Amino acid sequence: MAVSQRQKSIVQKIVLNTNYSLKETPKNISNNPNTANNTIQQVNSAKDSPAAKKEITKTHDGAAKTGFIFGILGIVLAIIIVGILFALAGLVISIIGLKSKKYHTLAIIGLLLCIIGIIVFWGVIDLIIVALFSGI
């Protein structure tokens, strides 16, 4: 496979400027643009390393816990307008947390709590609207 000089320099810039936030980075990355294909293979092997998978799992574990907490806050604060913000944010974060192996159940519970928080919020809004238009 023929790689042009421009493609090699683009790959080199991407590889050298990318921060994967991994504890384990590719070793012996050369600054020579002629080794672009080798560098790509090293980066891909680093992304598939056990350290990289552990970092990703930690991220999903945190998302599962955060989604659960936001779900609780969404229900508790559903009486005031702020509750919908926690419920919607918790819904998105819980969906991300579903990828966690360790806290998968907690992510599901957080997802359900967020949905309940949204329903309670809309119920409160409906009661306010009815009260305003019925003259109570």
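Of all residues in the range 101-116, which are assigned to a helix (DSSP H, G or I), in contact with a Ser or Thr (Cβ under 9 Å, 6 or more places away or on another chain) and of a type outside the set (Gly, Ala, Ser)? Of everything in the range 101-116, those that are assigned to a helix (DSSP H, G or I), in contact with a Ser or Thr (Cβ under 9 Å, 6 or more places away or on another chain) and of a type outside the set (Gly, Ala, Ser) turn out to be Leu106, Ile108, Ile109, Leu111, Leu112, Leu113, Cys114. Filter the range 95-116 down to the residues that are within 13 Å of Ile75 (Cβ to Cβ) and within 16 Å of the chain's Cα centre (by Cα) and list them by number. Correct list: Gly110, Leu111.
Residues considered: Ala131, Ala89. Of these, the only one that is of a type outside the set (Val, Ile, Thr), modelled with pLDDT of 90 or more and assigned to a helix (DSSP H, G or I) is Ala89. When you look at Asn28, is it over 17 Å from the mean Cα position of the chain (by Cα), at negative phi, modelled with pLDDT under 65 and surrounded by fewer than 14 Cβ atoms within 10 Å (Cβ to Cβ), yes or no? No, not satisfied.
Of all residue pairs spaced 6 or more apart or on separate chains, those with beta-carbon atoms under 7 Å, a first member in the range 93-104 that is within 7 Å of Ala64 (Cβ to Cβ) and a second member that is among the acidic types (Asp, Glu) are Ser100/Asp61; Tyr103/Asp61.
The values are calculated or read from the model by the stated rules, or taken from the named source; none is laboratory data. Since this is a predicted model, take the numbers as computed values, not measurements. A quick note on method: Cβ atoms are made from the backbone with ideal geometry, for glycine too, and the neighbour counts reach across all protein chains shown.
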